[in-house]
Amino acid sequence: MAAKRQMPMMQPQVIVLKEGTDTSQGVGQMSSNITACLAICETLKSTLGPLGMDKLIVDQNQKMIISNDGATIMEKLEIVHPAARILVDIARAQDAEIGDGTTSVVLLTGGILREVKEMIEDGQNPQVIIKGLKAAGKLAVNRVKEIAMTIEKNNTEELRNLLIKCAKTSMSSKLINNHQDFFADLAVRAVMQLDINDLNQKLIGIKKIPGGGMEDSMFVDGVAFKKAFSYAGFEQQPKRFDNPKIICLNIELELKAEKDNAEVRIDKVSDYQGIVDAEWKIIFDKLQDIVDSGAKVVLSMLPIGDVATQFFADRDIFCAGRIPFEDMQRVCMATGALTISTTSKINTGAANVLGECGKFEEVQVGGQRFNLFTGCPKSKTCTLLLRGGAEQFIDEIERSLNDSIMIVRRVITSKEFVAGGGSTEMELSRYLKQQSRLVEGKQQLIIGAVAKALETIPRQLSDNAGFDTISLLTKLRASHAVEPEKNLWVGVDISNECEANMFDNFVWEPATVKVNAINSAIEAACLILSVDETISSQQQQVEQQQQQMMQQQQMMGRGSR
């Protein structure tokens, strides 16, 4: 009997993801991620180097920002592509950890991805490429540590000269490039003012004052903050003290207005007078406790009213209320004062809560008045008062100084530095090419690709300066290949449109900038290459947002009836 034919059974359709979910996978997805990252690099590459261009960014609130700082631009671009946002993260990490090299790390990542993109499209396994990238990164980092120069902290004069040169290098691509001598000295003085074993950057205050020229900026050996809001009796108070005692409060020294709909039931008028007298007695007891403590400068994070202001003025005491938390914290750290929330135990002697400084004064800077505390014994601190014509310009000065201060701190802590101007990248490129010949198989091509990607930095420096890039890069390759020891620090000379020894030209920067940039670029490239599928439910999110907007409109319509 012939066997009966069995009809094939229908396989049920299994829905794993919600309807409207977008899925992309495979080689096409990896290629798309790389293309998105390269688009970001195209936007950022023109900002690299001393002759790089600035970007003008206008946010949704019509606030204008002019900057060529890589981390600032990446953050303000509001990138939505998931893979491209990795570049934002590495730029932010480089800025937080080192302070400089944010543009370089993004361009280096883009250069690596550009070199391996063809391998991905040819069907090469991403894991093989990732293994090669990690090997190349390890070789490059080890080479940086081999060639890095060191300096001893004991030689103060040499250390200061090194710090100034590193600060100038970090400023060479900023808006303050033409005034780098002045601002490099400010940055170095600010860091050298700190305790060299701590280098707490929180003790460096930066205040922005519109008006004047850039070189009208001031260095204050101590704490400075803008004069707080004050009442009429403030002008009768003294504005200068030598060796004053300082008290820092978190107390409201003013009569509080009665709350709305407050109700007090009394039987006779004298009871009401007793309530008023009790309130006055409370505030006068607080004021008298402060006076008895011997403090000559009274600071509070909460308001100090007109009664308290006049009370202190009659007793030759300076007071200021509504002090910002950051400024109050710096005053406490510098003078040794403690912020207290009660005055009842100031004079018991149980704890010394008062601080002191060598000199207190109020001075006029531009159109604003500032309170200065100098000669602080407890902790070394300083404040930079920045001047400039436009608010956007002062903001860029602050970002540039912050980068330089972090670079100076890094040099002091690590003591290792290398030359800039693309010389280190050219040496690493030569070294990786040499090492790739000793490796067999596919890894040779990948290490060679990283070597070529490292040339992105000197190539872009030359492009942004308008030089003949092909000719200059050819000369650089020849110099490093023929006599690698002699031409170790040969890079792009922006001033003379030629190759030159960057070490002799004093273009120096911390070795940690290069090490961190290489590690971050390799890690970011490996992360992007390891993603072969993207799952996005944006369509569903849009529908939910539309539904929420319709519900809000309906609620508003009901409310207006």
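The values are calculated or read from the model by the stated rules, or taken from the named source; none is laboratory data. These numbers come from a predicted model, not from an experiment. Note that each Cβ is placed from the backbone with ideal geometry, even for glycine, and that neighbours are counted across all protein chains shown. Just so you know, the surface numbers come from the protein's heavy atoms only, side chains and all, with ligands and any DNA or RNA stripped out. Shrake-Rupley method; radii C 1.70, N 1.55, O 1.52, S 1.80 Å.
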Tell me the residue from 217, 230 that is among the hydroxyl-bearing types (Ser, Thr, Tyr) and not assigned by the TED database to the domain that holds residue 303, please. 217
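Each row is one residue, and each column tells you yes or no for (1) over 28 Å from residue 47 (Cα atoms); (2) assigned by the TED database to the domain that holds residue 489; (3) surrounded by 18 or more Cβ atoms within 10 Å (Cβ to Cβ); (4) under 26 Å from the mean Cα position of the chain (by Cα).
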| position | (1), (2), (3), (4) |
| --- | --- |
| 137 | no, yes, yes, yes |
| 140 | no, yes, yes, no |
| 143 | no, yes, yes, no |
| 155 | yes, no, no, no |
| 158 | yes, no, no, no |
| 162 | no, no, yes, yes |
| 168 | no, no, yes, yes |
| 173 | no, no, yes, yes |
| 177 | no, no, no, yes |
Can you confirm whether residue 202 is open to solvent by 30 Å² or more (accessible area, probe 1.4 Å), in a helix (DSSP H, G or I), touching a residue at least 12 places away in the same chain (Cβ under 8 Å) and more than 29 Å from residue 364 (Cα to Cα)? no
With the requirement that a residue be within 18 Å of residue 342 (Cβ to Cβ) and under 42 Å from the mean Cα position of the chain (by Cα), what does the range 292-304 give you? 293, 294, 295, 298, 299, 300, 301, 302, 303, 304
Return the pair list, or none, for Cβ contacts closer than 6 Å from residues in the range 323-348 that are touching a residue at least 24 places away in the same chain (Cβ under 8 Å) and outside any loop (DSSP other than H, G, I, E, B) to residues that are among the small types (Gly, Ala, Ser) and surrounded by 13 or more Cβ atoms within 10 Å (Cβ to Cβ), at least 6 apart or on different chains. 330/205; 333/379; 334/379; 335/355; 346/293; 347/293
Qualifying residues in the range 520-532 (those that are surrounded by fewer than 18 Cβ atoms within 10 Å (Cβ to Cβ) and not charged (D, E, K, R)) - the one nearest to the chain's Cα centre (by Cα): 527
Go through the range 273-325 and give me each residue that's β-branched (Val, Ile, Thr), touching a Cys at 6+ places or on another chain (Cβ under 7 Å) and closer than 16 Å to residue 232 by Cβ. 304, 309
